[in-house]
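Asks: Sharing a structure below in C-alpha cells format, with a few things to ask.
The values are calculated or read from the model by the stated rules, or taken from the named source; none is laboratory data. In this text, all values refer to a predicted model and were calculated from it rather than measured experimentally. All Cβ positions, glycine included, derive from the backbone under ideal geometry; neighbour counts span all protein chains shown. Ligands, DNA and RNA are stripped out before the accessible areas are found, and what is left, the full protein with its side chains, is counted by its heavy atoms. Shrake-Rupley method; radii C 1.70, N 1.55, O 1.52, S 1.80 Å.
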Amino acid sequence: MVRVRFAPSPTGYLHIGAARSALFNWLFARKMGGKFLLRIEDTDLQRSTEESTRSIIEGLEWLGLDYDEDLVFQSDNAEKHRAAARQLVEEGKAYRDFTPKEAREDRSVKQEIAERARAQAAEGIDQRSNPFRDLPQAESDARAGAGEPFAIRLKVSREGQSRFADIVYGEQERGYSEIEDLVLLRSDGHPLYNLSVVLDDIEMGITHVIRGQDHLTNTHKQILLYQAFGAKVPEFAHLPLILAPNKAKLSKRKHGEVVSLTTYRDRGFVPAAFRNFLALLGWSPPDGQEIMTREEMIERFSLEGIGRANSVFNFHENDPRHWTDDKALWMNAEYIRTMPLEELLPMVKTELRSAKLWREEYDDDESAWFEKTVELIRQRFFTLKDFSSQGRAYFSDDFDFDEAAVSKNLKKEPRLREWLPALAVRLGQVATFSAANVETALRQFADELGVKAGLFINAARTMLTGQAVGPSMFEVFEIMGRERSANRLRSGVPWFDAMEELGDV
RNA sequence: GGCGCAUUGGUGUAGUUGGUUAACACGCUGCCCUCUCAAGGCAGAGAUCACGGGUUCGAGUCCCGUAUGCGCUGCCA
C-alpha cells in the first residue's frame, strides 16, 4: 500500500511551491489507492506558529486535498528522536562531538559555508576529519557523564558510494567522501531535520517520498540514516522547482503575497482552477488535455509524467490585469464561465456577502433571477472578485460610473440627456419587458430620431451598469427589469456628476 | 570553492527505442461575428531545440566539453 506525506514547516503561509508538492503527493496517493498523510514539521520552535499551521490546513482544504489519518506534529516525537540518536551512539554508528558550538549569523549562512569551504581547501584541511570521531567510547561516556555538552553526529563511512534511483531524476550517485558527518542532535538536545524526517517517515510507513528538488542531494544523507536504523529505504521522487519570473527561487520574503496560496483564494480564484493550473507546473498529462476535473487528473497522473526542468511562475505584481500568471488567470476565467452553475453559485454568494451585496432573497424569492444574472455575467469574468466589482450594478443601485465610458458613450452626444428619459418612457410602454420586446422598442425609437440604435445601446449600458463593456444589452435590460432600467435611464447621474465636477473647478 | 541537477518560441509543456516542413496550451497580431467587451470561429507571427565539438547515411533525441541558471554543501527546515 502506497503511503505518502506532505510535510511542511509551519513558518508562514503555504506558498505555491509547497502547495504543488502537496498536490502531487495527493494525486499519487489517490491514483494508487494509497494514503496521503500530513505532518507538520514544527521542530524549529522559534519560527513555527500555530497560526501558520492553521493556514496550511486551510489552504489544503481550499485546494480540495483531503488527508488521511491523524495529523502528525513532528515536535511530539522529539523524545523518540533523541532516544534513537543515543541508540546510534551506543551502537557505534554515531558519536559525540564535543567541539564547542559555533555562533552563526543567520543572514549570510550560504556565503559563510562557501567561504569556509574555500578557506579549508586552501589550507588543505579535510572538513570531514573530526577529532572526536574515534574517541574511545569510555572516554566519550565519561566526558558526557561529567556534563560536557556535545552534539551527536552520524559516523559516515570514509569510502564507498551512496546511490539511489530517483523516480524523476534517475540514478543518483555520491561518494561518501562528499558527505560530512551530519549532526543528528544539537548540543542542546534538539533533534535536527534529517534525523527527524527519516524517523518520522519510518514510523509513518512512508513508501514514497515526493518533495522539492532542493532535497535531492540531501537524500544521500537520509538514506544513510535509513540504513543505520535498519529500515527499508523508500522510493524517492524529487520535483523540479518553481521559479520567479527572473528565474530566482520563489521566496516568501522577496516575492510576498503573490506566492501565497491564500492570496489566490482571497483574490477570487476558483479552487479547482488553481489546482488545475498548479498541476501543470512540472507535470503534463499523457494525452495533453489540460483542463481536467479532479477525477480526470487522478486518472492521468503519474510520477513518470513529471519533468526535470524548473518552471517559471510568471507574475507582474504591478499590473492589475496580469498580477499573476496569465495562464492561471485564463484558466480561472475558463472555470468561471464553464463550470456547472450550481457549483459557482455558492462562491458568488460568498463573494457578494463579503462585499455586502448579498440579499437573502437571492436564496428564495429571487433565486431564479440570481441564477440568470450570474449566468449572464460570468461569461466575461476572470475572478470571483469581478462579481462584486464589475458586476456591482446588478446587485446594488450604488455603483460607480467609469469615466471613460461616460465620455465615450454619453457626453459625445449631449442630446442623450433628453433622449434617455424619453427612451425610458418608451420602454415603459413595452408589454412584456423581455429582451426581444425591448430591442424592438429601442430600435424603433432610434429610427424615429434618425440615429443609430448603437448610440442608445451603448449609452444605456453605461447608464445601467456604469461601464462601457458588458453582456448583450437587451439581456441586461431584461435582467435589470422595467423599473430599475427606467430609473437608471432617467437618473442623469453621470451628467450630474460631471456638472458637479465642473462646479468644483 | 566542492558536488549535484537542469537547459525545446515570451510562459507552461509534448516530442515513444535517433529518421521528412519540431506539436499543444496560455499570451501576442489580423480577420469574421457584433450593440460594447469577452467568448467562439478562421488565419498568422514567434524556436537555427543554450553554445562548441564529436558518433552516425541521419540527432532536440547518444557522447564529450563550455556557458548559464538553480540546488545542496548548517548544531536551518
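Asks: Would you check if A:Arg267 is at pLDDT 95 or above and either of a type in the set (Asp, Glu) or surrounded by fewer than 18 Cβ atoms within 10 Å (Cβ to Cβ) (or both)?
Replies: Numbers: at pLDDT 95 or above: yes; either of a type in the set (Asp, Glu) or surrounded by fewer than 18 Cβ atoms within 10 Å (Cβ to Cβ) (or both): yes.
So A:Arg267 fits the description; yes.
Asks: Can you say whether A:Arg321 is of a type in the set (D, E, K, R), over 27 Å from A:Val374 (Cβ atoms), more than 6 Å from RNA strand B (Cβ to nearest atom) and free of Cβ contacts under 8 Å to residues at least 40 places away in the same chain, as far as the supplied structure shows? Full working, then the answer.
Replies: Working: of a type in the set (D, E, K, R): yes; over 27 Å from A:Val374 (Cβ atoms): no; more than 6 Å from RNA strand B (Cβ to nearest atom): yes; free of Cβ contacts under 8 Å to residues at least 40 places away in the same chain: yes.
So A:Arg321 does not fit the description; no.
Per-residue answers, yes or no, for (1) within 16 Å of RNA strand B (Cβ to nearest atom); (2) open to solvent by 30 Å² or more (accessible area, probe 1.4 Å); (3) assigned to a helix (DSSP H, G or I); (4) within 30 Å of A:Leu420 (Cβ to Cβ):
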residue: A:Lys327; (1), (2), (3), (4): yes, yes, yes, no
residue: A:Met331; (1), (2), (3), (4): yes, no, yes, no
residue: A:Glu342; (1), (2), (3), (4): no, yes, yes, no
residue: A:Thr350; (1), (2), (3), (4): no, yes, yes, no
residue: A:Tyr362; (1), (2), (3), (4): no, no, yes, yes
residue: A:Phe370; (1), (2), (3), (4): no, no, yes, yes
residue: A:Phe382; (1), (2), (3), (4): yes, yes, no, no
residue: A:Asp397; (1), (2), (3), (4): no, yes, no, yes
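Asks: Right, next: Does the range A:149-190 hold any residues that are assigned to a loop (DSSP other than H, G, I, E, B), open to solvent by 20 Å² or more (accessible area, probe 1.4 Å) and near RNA strand B (Cβ under 8 Å from one of its atoms), and which are they?
Replies: The answer is A:Pro149, A:Phe150, A:Tyr169, A:Glu180, A:Arg186, A:Ser187, A:Asp188, A:His190.
Asks: Continuing with the same structure: If we keep just the residues of the range A:191-237 that are near RNA strand B (Cβ under 9 Å from one of its atoms) and in a strand (DSSP E or B), which is farthest from A:Ala85 (Cα to Cα)?
Replies: A:Gly212
Asks: Mind checking which residues of the range A:1-40 are open to solvent by 40 Å² or more (accessible area, probe 1.4 Å) and in a strand (DSSP E or B)? I'd like the intermediate steps shown before the answer.
Replies: Step one: of the range A:1-40, the residues open to solvent by 40 Å² or more (accessible area, probe 1.4 Å) are A:1, A:3, A:9, A:13, A:15, A:30-33, A:35.
If the condition is that a residue be open to solvent by 40 Å² or more (accessible area, probe 1.4 Å) and in a strand (DSSP E or B), then A:Arg3, A:His15, A:Lys35 are the ones that fit.
Asks: Here's a follow-up. Which of the residues spanning the range A:238-285 are of a type in the set (Phe, Trp, Tyr), in a helix (DSSP H, G or I) and within 11 Å of RNA strand B (Cβ to nearest atom)? I'd like the intermediate steps shown before the answer.
Replies: Initial filter on the range A:238-285 (of a type in the set (Phe, Trp, Tyr)): A:264, A:269, A:274, A:277, A:283.
Retained after the next criterion (residues that are in a helix (DSSP H, G or I)): A:264, A:274, A:277.
Passing the criteria: only A:Phe277.
Asks: Determine if the range A:297-306 includes at least one residue that is of a type in the set (Gly, Ala, Ser), within 13 Å of RNA strand B (Cβ to nearest atom) and open to solvent by less than 60 Å² (accessible area, probe 1.4 Å). Spell out the reasoning first.
Replies: Within the range A:297-306, the first condition is being of a type in the set (Gly, Ala, Ser), and the residues that meet it are A:302, A:305.
So of that shortlist, the ones also within 13 Å of RNA strand B (Cβ to nearest atom) come out as A:302, A:305.
Filter once more, so that each one left must be open to solvent by less than 60 Å² (accessible area, probe 1.4 Å): A:302, A:305.
For the range A:297-306, residues of a type in the set (Gly, Ala, Ser), within 13 Å of RNA strand B (Cβ to nearest atom) and open to solvent by less than 60 Å² (accessible area, probe 1.4 Å): present.
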